[in-house]
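A quick write-up on the structure given underneath.
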Amino acid sequence: MQFKYVVLVALALILGSLAKALFHLSGNTPGDDGKMVRALAWRVGLSIALFALLIVGYYQGWIEPSHLTRQSQ
C-alpha cells in the first residue's frame, strides 16, 4: 500500500517541476531560461526514476497487473 503513495508523491513532484518551468517560461527576468531548463531537466530525471521504480516494483512483486477477463456470451 505504501508503494502507491511513493508513486503519487513522484507524480506530484513531476507536476510541480513542470509548473515551475511554466512559471519561468512566462517570466521576463534574465536568467529565467536557465531556471526553466533546470526545472525541465528535473522533470525528465524524475520521470525516468519513476519509470525505473515501477519496473523494479513489478519484478520485486510490490505491484501486480490486474487481469481483466472478458465474459463469454
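Taking the condition under 19 Å from GLN2 (Cβ atoms), touching a helix residue (DSSP H, G or I) at 6+ places or on another chain (Cβ under 8 Å) and not β-branched (Val, Ile, Thr), does LEU54 pass?
Answer is yes for this residue.
So is SER66 closer than 19 Å to PHE3 by Cβ, of a type in the set (Ser, Thr, Tyr) and at pLDDT below 95 or not?
yes
Looking at segment 29-46, which of its residues are of a type in the set (Lys, Arg) and either in contact with a Leu (Cβ under 9 Å, 6 or more places away or on another chain) or in contact (Cβ under 8 Å) with a residue 60 or more places away in the chain (or both)?
ARG43
Here is a check on your reading of the model: is SER17 polar (S, T, N, Q), part of a helix (DSSP H, G or I) and either free of Cβ contacts under 8 Å to residues at least 24 places away in the same chain or out of contact with any Gly (no Cβ under 8 Å at 6 or more places or on another chain) (or both)?
When the stated conditions are applied, SER17 passes them.
Name, by its number, the condition in (1) modelled with pLDDT under 95; (2) closer than 27 Å to ILE55 by Cα that does not hold for VAL44.
Exception for VAL44: condition (1).
Could you list, in sequence order, the residues of segment 31-68 that are of a type in the set (S, T, N, Q) and over 13 Å from GLY16 (Cα atoms)?
Scanning segment 31-68 gives GLN60, SER66.
The values are calculated or read from the model by the stated rules, or taken from the named source; none is laboratory data. Please read these numbers as outputs of a predicted model, since none were measured by experiment. Counting neighbours? That spans all protein chains shown, and the Cβs are built from the backbone with ideal geometry, glycine included.
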